[in-house]
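Worksheet: the structure to be examined is printed underneath.
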Amino acid sequence: MNSIDFTPFLISFKLATTTTAVLFIVALPLAWWLSRTKSKFKPFIEAVAAMPIVLPPSVLGFYLLVLFSKNSLFGEFLSSLNIELLFSFSGLVVASIIYSFPFMLQPLQSGFESLNKGMIEQSFLAKKSTFITLFKVALPNIKPSLIAALIITFAHTVGEFGVVLMVGGSIPEQTKVASVAIYEMVEIMDYKSAHIYSLIMLLGSFIVLLLVYIFNRKSKFRV
Amino acid sequence: MLKVDIEHENLEFNFTFNSNELVAVVGDSGSGKTTLLRVIAGLEEVNGEIVLDGEHWLNNKRSLSPQKRSVGFVMQDYGLFENMSVLENLLFVSNDIELVKRLLTIVDLQNLQNRYPNSLSGGQKQRVALARAIVAKPKVLLLDEPLSALDSKMRKRLQEYILILHKEFHLITILVSHDLKEVQKLASRVVTIDSARIKDILKINKEESLIKGKVVDKSSNGNSYTLAVELLGDIKIFSVKEDIFNKYSLNDYIDIDWSIR
């Protein structure tokens, strides 16, 4: 066995950080709107946003592969702008954003829905804008949901396999993430390296989930 | 002057509150009292007209957002900002530190100013909510049972301060309360709401300690005589002496002491 190459972990980390940051910005206003709207389109939007939870990753990966390819109108349009999403890190980010979307949206929306409505109304009566109300009143009061959304999205992105393999392939130092690297090690029967990689992933996931539960416990008992 | 003429699925209300007036709104649970306050604050959508001193808060063309209305509101569930201390709750609304400190002293919370709402009792939360509603110096103050969680000593003290602040800041104050003694002490007029409509408007004479109620039922059992009297939308049962019982018939009006709750 050669010395351990940590590059797949770094790519996974970079992918998860970028995806989590972009998703926070994208999902936050939608979660806020969904928690407050009485629109008849709400169930439709919620169903579309939750699709990645029930869809097999290969189905999502297949459609993204078709969408990003130069044979599609969208792929052709991207190509005219010199944007190449297939088998690139940017493509991985876009695919991860779609795949992990509900994991950011749902905890945030449920946090906002459980918030005391009077608090939000009092902020409006204090002449505060929606933006100030969101960041100074709403978010600080749904900390457990916020932390859960960030950490679960991050962890879920690190653990992606099917979608990233189909959209990103396995290009060393570009799109080869840790989960794909493990799969390849098993394929060539390098079980020792696969064990080490898997153990790192296992411990990492456990620590992340432990942090979520410790934080939620602390928030619950804070006086 | 605040003119309110609204139609809502839970309330029809047409009434003009005079400048610097404190009006009590009474009625049974579910009669629409809280809805009225929420509509005035801009927290419920409704058709109609709300005009404050010539400024249209609501008409058939526009409805001002809560941010653009000058309203302080003590809600039944307080709506305190849980992530902020008592002091921060007030400073979030106004950075007039002198007024903030003065109001904290009035509601006797200066020693608890660094505590967070989840460590306060119901009465303490209610006092924070009252101070916070006033600190922005609103033109209209809405009080939804603002003193219900307080003991009688604190309640009396804050009643005095509500009157002082109401006068000092030239507020139009609308008070929802079930406490008739409190209503008599604070309000100059009482609006009774029943089944989502105004049933009665009563002017209060502060020198007068009696209020008229309508006898709606009579019953006697041996030496026990009771009258059921409708008083500002509520039915109160009184045990009375035989001569009083015989003096009044159904639908007669009877003088009741305000101090009866």
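The values are calculated or read from the model by the stated rules, or taken from the named source; none is laboratory data. Remember, it's a predicted structure, so these values are computed and weren't measured experimentally. Neighbour counts are summed over all protein chains in view; Cβ atoms, including those assigned to glycine, are modelled from backbone coordinates with ideal geometry. Only protein heavy atoms, including side chains, enter the accessible area calculation; ligands, DNA and RNA are left aside. Shrake-Rupley method; radii C 1.70, N 1.55, O 1.52, S 1.80 Å.
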*asked:* If I go through the range A:174-186 residue by residue, how many of them are part of a helix (DSSP H, G or I) and open to solvent by less than 10 Å² (accessible area, probe 1.4 Å)?
replied: 3
_Which listed residue, of A:Asn141, A:Asn216, is out of contact with any Pro (no Cβ under 7 Å at 6 or more places or on another chain), touching a residue at least 24 places away in the same chain (Cβ under 8 Å) and open to solvent by 30 Å² or more (accessible area, probe 1.4 Å)_ = A:Asn141
*Tell me, please, whether a residue that is of a type outside the set (S, T, N, Q) and over 26 Å from B:Lys167 (Cβ atoms) can be found in the range B:12-21.*
yes
*Would you check which residues across the range A:115-124 are within 7 Å of chain B (Cβ to nearest Cβ) and either open to solvent by 60 Å² or more (accessible area, probe 1.4 Å) or among the hydrophobic types (A, V, I, L, M, F, W, C) (or both) and list them?*
A:Met119, A:Phe124
*Can you give me the number of residues within the range B:14-31 that are surrounded by fewer than 21 Cβ atoms within 10 Å (Cβ to Cβ) and not polar (S, T, N, Q)?*
5
*Name the helices (runs of 4 or more DSSP H) wholly inside the range A:88-173 in which the number of residues that are under 24 Å from A:Lys38 (Cα atoms) is 2 or more.*
A:89-114, A:117-125, A:143-158
*Do you know which of the residues in the range B:44-73 that are under 17 Å from B:Ala136 (Cβ atoms) and of a type in the set (Ser, Thr, Tyr) is surrounded by the most Cβ atoms within 10 Å (Cβ to Cβ)?*
B:Ser70
_Neighbours by Cβ (under 6 Å, 6+ apart or cross-chain): first from the range B:168-193, among the hydroxyl-bearing types (Ser, Thr, Tyr); second in a strand (DSSP E or B) and surrounded by fewer than 22 Cβ atoms within 10 Å (Cβ to Cβ)_ = B:Thr192/B:Lys199; B:Thr192/B:Asp200
*Give the range A:132-141 a look and list any residue that's closer than 12 Å to A:Phe112 by Cβ and within 10 Å of chain B (Cβ to nearest Cβ), or say none.*
A:Thr133, A:Val137, A:Ala138, A:Leu139, A:Asn141
*Residues in the range B:145-157: is at least one surrounded by fewer than 19 Cβ atoms within 10 Å (Cβ to Cβ), under 21 Å from A:Glu121 (Cα atoms) and within 12 Å of another protein chain (Cβ to nearest Cβ)?*
no
*Lone unmet requirement of (1) closer than 23 Å to B:Leu165 by Cα; (2) open to solvent by 20 Å² or more (accessible area, probe 1.4 Å) for B:Gly79*: (2)
_Residues (more than 14 Å from chain A (Cβ to nearest Cβ) and either assigned to a loop (DSSP other than H, G, I, E, B) or open to solvent by 10 Å² or more (accessible area, probe 1.4 Å) (or both)) located in the range B:100-120_ = B:Lys101, B:Arg102, B:Thr105, B:Ile106, B:Val107, B:Asp108, B:Leu109, B:Gln110, B:Asn111, B:Gln113
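Residue-by-condition table, conditions (1) buried (at least 18 other Cβ atoms within 10 Å of the Cβ); (2) more than 14 Å from every other protein chain (Cβ to nearest Cβ):
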position	(1), (2)
A:Ser88	yes, yes
A:Pro102	yes, yes
A:Glu113	no, yes
A:Ala126	yes, no
A:Thr130	no, no
*Only one of (1) free of Cβ contacts under 8 Å to residues at least 60 places away in the same chain; (2) open to solvent by 60 Å² or more (accessible area, probe 1.4 Å); (3) assigned to a strand (DSSP E or B) fails for B:Glu88. Which number is that?*
(3)
*Output yes when any residue across the range A:24-46 is under 23 Å from A:Met201 (Cβ atoms), open to solvent by 50 Å² or more (accessible area, probe 1.4 Å) and not polar (S, T, N, Q), and no when none is.*
no
*asked:* Tell me whether the range A:66-85 contains one or more residues that are aromatic (Phe, Trp, Tyr), under 14 Å from A:Val164 (Cα atoms), open to solvent by 70 Å² or more (accessible area, probe 1.4 Å) and touching a residue at least 40 places away in the same chain (Cβ under 8 Å).
replied: no
_So, in the range B:34-43, how many residues would count as being of a type in the set (Val, Ile, Thr) and either open to solvent by 20 Å² or more (accessible area, probe 1.4 Å) or on the phi > 0 side of the Ramachandran plot (or both)?_
2
_Residue in the range B:38-89 that is farthest from the other protein chains (Cβ to nearest Cβ), counting only those that are of a type in the set (Gly, Ala, Ser) and in contact with an Asp or Glu (Cβ under 8 Å, 6 or more places away or on another chain)_ = B:Gly48
